[in-house]
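The values are calculated or read from the model by the stated rules, or taken from the named source; none is laboratory data. Computed from a prediction, not measured in an experiment: that's the story for all the values here. With ideal geometry, Cβ positions are generated from the backbone for all residues, glycine too; neighbour counts draw on all protein chains shown. Ligands, DNA and RNA are excluded from the accessible area calculation, which covers all protein heavy atoms including side chains. Shrake-Rupley method; radii C 1.70, N 1.55, O 1.52, S 1.80 Å.
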Amino acid sequence: MAQHLAKDVAKMTLSDGEKRVTEKELNRLADNLGAEWEGLVRHMGVKKAEVDKCKANNQSNMQSQIFCALMTWRTRAASGATVTRLVQELRDYEIDEDIYKFLLPQKEPIAQWETDSGGAAISVQPAPTTQPPDDPRLMNLWQQVSTIVQKRYPGINFVPDARGGKFEEERILKIKEWEASLKTRVEPFKRRGENFAGSAKRKNHHVPTWCPHPSVPQDIRKS
């Protein structure tokens, strides 16, 4: 594990590892840490009095206590509070990698090899996993629309499939087929309305632009 983490730290670029760690990143780290946080920040050089002050100022919120202590370290370290240094501190204190994985550089997906029809080896990248939208309101809207549409068209789902790959491809294909079928059904009515509008225009009849079809009652059409 230590060797694996050392390679990750070594691969960090100037833009990744040498940039100063942000408040947002420290806030996320604080949210992931647990009871080990006091020993960690003391290991990082935060004084006991500073830890006590953070605890006193945020008595009912451990996440805020941790964030306060991490920010104390960031302020003291100044330009030295880089992602590389923070990861090294976490690693030295043997914090589980899952807690700070978001600070590590993104790994390239492992290519899978297949052969084409001619027998030549070709690289096939695994399909990415679809992530749900960050905005819960958008997810809620997709779910509501899906529920309405599925009453008449089962199988249509506007919510991205988190499994990604072929599951997401099948979902998108069903939506495209559904859209094509709707277009086919609507097209004759559209042409009929356009023909009627053109005929009425030639006869100098008033045609409401919002409702040109001849099936509209006369009293509404004349309004």
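Couple of notes before you dig in:
- Members of the range 148-175 found to be assigned to a helix (DSSP H, G or I) and more than 24 Å from PRO136 (Cβ to Cβ), listed by number: GLY165, LYS166, GLU169, GLU170, LEU173, LYS174
- Qualifying residue in the range 48-62 (condition: modelled with pLDDT under 90 and in contact with a strand residue (DSSP E or B) (Cβ under 9 Å, 6 or more places away or on another chain)): no
- For the range 135-175, a tally of residues being among the basic types (Lys, Arg) and surrounded by 12 or more Cβ atoms within 10 Å (Cβ to Cβ) returns 3.
- Count of residues meeting criterion [open to solvent by 20 Å² or more (accessible area, probe 1.4 Å) and among the aromatic types (Phe, Trp, Tyr)] in the range 61-84: 1
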